[in-house]
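See below for the structure under consideration.
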Amino acid sequence: MINLNGTITSHEAAKLSLKNRGLLYGDAVFETIKAVNGQLFFWEDHYFRLMASMRILRMAIPMHFSMEFLENEIKKTIRAAAFDKQAVRIKLYVNRKAGGKYNPTNHDVDYFIELEATGNPFYTLNEDPYRVELFKDHYIYANLLSTLKSNAKTINVLGSIYATENGYQNCLLLNEQKMVVEALQGNLFLVKGTTIITPPTSDGCLRGIIRKQLIEIAKTLKEYTIEEKSISSFDLQKADELFITNVMIGIQPISNYRKKNYGTEVAKMLLQKLNVKARLTS
C-alpha cells in the first residue's frame with residue numbers, strides 16, 4: 001500500500017505525474033525510517049532532519065506538517081498494509097509540486113509514503129565477509145547540499161554498479177580533498193585503539209540518524225573517546241575496526257579493505273547499546 005498525499009491506495013492504482021519535479025529535476029527529499037510493531041525508531045530525529053532539508057531546499061512547509069501529523073500518516077499506512085506486527089522499512093518522500101522548469105512556479109509540496117516488510121525487528125550484527133573499496137571515478141563536493149537526503153543520488157548509483165561489477169559489498173566515497181566521507185548507503189566509523197572516529201559533516205557526509213545516535217552513545221563511554229575528524233585512505237589501513245551505519249542495518253562491520261582485515265569488538269558493543277536506545281525512543 002502507498003499513502004499518496006493522505007490517500008491510501010495500492011501500488012498498481014497509484015499515479016505519479018510525468019511532470020513530478022522529483023522525477024524531472026531531483027527536486028525532492030526523503031527519509032528512510034525503520035518501524036517495529038507500528039512504532040517508529042528515532043522518529044523525532046527523522047522529522048527534524050526532514051524539516052531542515054525542506055527549508056534548505058526552500059520548499060513551503062505546510063502548516064499541518066507537524067510531527068504528530070506525519071507520524072499518524074505513517075502509522076495509518078502501516079495499519080492499512082497490515083504491517084503493524086512486524087518490522088518495516090518506510091520511505092517518506094516529499095517533492096515540490098509540478099510547475100516550471102529549473103525555476104519552480106510553486107513551492108508547495110506533495111508527499112507519499114511507501115512500505116516494505118523487513119526481517120529482524122532489532123539490529124543484529126552481520127559478520128559475513130564484507131569487502132569494500134574506494135570509489136574514485138567521481139567525488140562528493142562537500143557542502144550543505146551533500147549532507148541532505150535528497151533525490152540526487154547519481155554517485156551512489158554509479159558506486160553501487162562499480163561494487164557489484166568488482167565483487168565488493170560496498171564502496172567508500174571520497175570528497176574533492178580525497179578524504180573518505182561515507183559509504184554508499186551509510187556513514188562510516190573507524191576505531192583505532194580507544195578512539196572512535198567518524199568524518200565531520202563539513203567533509204560532506206550525510207547527517208545520518210544512526211551516526212547521531214552512536215556519537216551520543218560514544219560520549220557516555222569511559223573507555224573510549226569519540227572524534228569527528230577527517231579520515232584519509234591511509235587511516236583505513238591503520239584502523240582496528242571499520243563499520244558502516246544506517247537506520248535499516250544499524251551497524252555493518254567491514255571485514256576487509258584491500259589486504260587489511262578488521263575486528264568487530266567495538267561494533268558489537270555499540271550495537272547492543274543502540275538496540276537499547278531504539279527500544280527507549282520508539
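The values are calculated or read from the model by the stated rules, or taken from the named source; none is laboratory data. As the structure is a computational prediction, the values presented were derived from the model and not from experiment. Backbone-built Cβ (ideal geometry, glycine too); neighbour counts: all protein chains shown.
For the range 1-85, give me every one of the strands (runs of 3 or more DSSP E) that falls completely inside it and has 1 or more residues that are out of contact with any Leu (no Cβ under 9 Å at 6 or more places or on another chain) and not polar (S, T, N, Q).
Passing ranges, in order: 7-9, 28-36.
The range 203-282 holds helices (runs of 4 or more DSSP H) entirely within its bounds, and those carrying 3 or more residues that are surrounded by 17 or more Cβ atoms within 10 Å (Cβ to Cβ) and not assigned by TED's automatic domain parsing to the domain that holds VAL29 map to 209-218, 265-281. Considering each residue of the range 226-244 in turn, none proves to be of a type in the set (Lys, Arg) and closer than 17 Å to GLU127 by Cβ. Comparison of SER160, SER146, SER150 shows that the only residue that is among the polar types (S, T, N, Q), at pLDDT 95 or above and either in the same structural domain as SER255 (by TED's automatic domain parsing) or touching a strand residue (DSSP E or B) at 6+ places or on another chain (Cβ under 8 Å) (or both) is SER160.
Being of a type in the set (S, T, N, Q), on the phi < 0 side of the Ramachandran plot and in a loop (DSSP other than H, G, I, E, B) is a description that applies to ASN106. Just one of the listed residues (VAL109, VAL94) is touching an Asp or Glu at 6+ places or on another chain (Cβ under 8 Å) and not polar (S, T, N, Q), and it is VAL94. Listed conditions (1) crowded, with 18+ Cβ neighbours inside 10 Å; (2) of a type in the set (Gly, Ala, Ser); (3) without any contact (Cβ under 8 Å) to a residue 12 or more places away in the chain are all met by SER53, apart from (3). So which residues in the range 236-262 are more than 21 Å from GLN185 (Cβ to Cβ) and touching a residue at least 24 places away in the same chain (Cβ under 8 Å)? Within the range 236-262, LYS238, ASP240, LYS260 meet the criteria. Against the definition (under 24 Å from SER53 (Cα atoms), surrounded by 15 or more Cβ atoms within 10 Å (Cβ to Cβ) and either free of Cβ contacts under 8 Å to residues at least 12 places away in the same chain or not aliphatic (A, V, I, L, M) (or both)), how does LYS97 come out, yes or no? Yes.
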